[in-house]
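First the structure, in the form of C-alpha cells, and then the observations on it.
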Ligand code: PEP
C-alpha cells in the first residue's frame, strides 16, 4: 500500500511573518496528518521553517537545486546545502523551471541525480503543455521526460523518488485534469517504470498537480494510481491545504 503524500509548492510567495502564520495554522489544523505532508517554501526560508517544523510530522522540501555540488555557480544552492538546512525533499523539473529557466530534460536528469546524491528525495515533475495536449502528445512527452531520467539515474533510483504529473495547462489556471484523464496518465507512468522493474513501479508514488483544491481533491486522489498531489496556489491557504491533505487520506481509505 502506497502512503499518500501531499506537497505544497509555495513558489515565490511568502515572508517570514506570513510563513509563520501559515505554518502555525497548518500545524493547528492537522494534528496527526495520516498522509505524508511536505511544504516547499522559497529557499531562503527553509532554515527558519525547518526549525518551526522540528519534531513535527511535516517534511520540508526545496523547489529546485543546482545540478553541481559546489563551486563557481553564483546564485545557486546545492543539494548538500538544502539538506544541511533541514530539507528532505526537492522538486525537480517543475514546468516553470523548464519553461522560464530553460531547464531541459538533460539538466533535469542531472538535478535528479544531484538530489539523490545529497540524500534528498526528488519530486520529479513531468507533464505536457497545452499545445502538446491538444496534439494528443501527452504520453510521448511524459515518456521522453521520464526516459531522460531513467537513462541517467536508472530505474532503481525511482525507488527513492516521487513523480508528479503536472499538465502545464492545468497549473495555476483553475482548469484541472479530470480524474479519468489524470488516472490514464498516471497508469501510463507507472506502467513505464514497472516495465523496467515491477516492484519499483508498483511502489512509486505518483502525485497529480494542476489546480488541485479542496473541492476536487477527493475525486482526483480517489483514482487508483493517484497517490496524492503537488499543490501550488491552494497550499498558501491553510484551511484549503489541510482539507486537501485530508482528502488524500480518505481518498485512499
Ligand atoms: C504547481 O505549482 O506545481 C501547481 C500545481 O500549481 P497550482 O496548484 O496552483 O495549479
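The values are calculated or read from the model by the stated rules, or taken from the named source; none is laboratory data. Not measured: the values here are computed from a predicted model. Reconstructed Cβ throughout: ideal geometry from the backbone, glycine too, with neighbour counts over all protein chains shown.
Numbers at a glance
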read-out: Residue among 43, 72, 117, 99 that is surrounded by 15 or more Cβ atoms within 10 Å (Cβ to Cβ) and at negative phi; value: 43
read-out: Residue in segment 124-131 that is within 16 Å of the ligand (Cβ to nearest atom), surrounded by fewer than 20 Cβ atoms within 10 Å (Cβ to Cβ), assigned to a helix (DSSP H, G or I) and over 18 Å from the mean Cα position of the chain (by Cα) present; value: yes
read-out: Verdict on residue 203 being at pLDDT 95 or above and more than 16 Å from the ligand (Cβ to nearest atom); value: yes
read-out: Conditions (1) touching a helix residue (DSSP H, G or I) at 6+ places or on another chain (Cβ under 9 Å); (2) part of a strand (DSSP E or B); (3) crowded, with 21+ Cβ neighbours inside 10 Å: number failed by residue 26; value: (2)
read-out: Identity of the residue in segment 169-184, in a helix (DSSP H, G or I) and within 14 Å of the ligand (Cβ to nearest atom), that ends up farthest from residue 211 (Cα to Cα); value: 182
read-out: Check on residue 162, over 21 Å from residue 224 (Cα atoms), touching a residue at least 60 places away in the same chain (Cβ under 8 Å) and within 16 Å of the ligand (Cβ to nearest atom); value: no
read-out: Residues satisfying the stated conditions in segment 207-253, i.e. more than 10 Å from the ligand (Cβ to nearest atom) and surrounded by 24 or more Cβ atoms within 10 Å (Cβ to Cβ); value: 217, 220, 221, 226, 227, 228, 241, 245, 247, 248
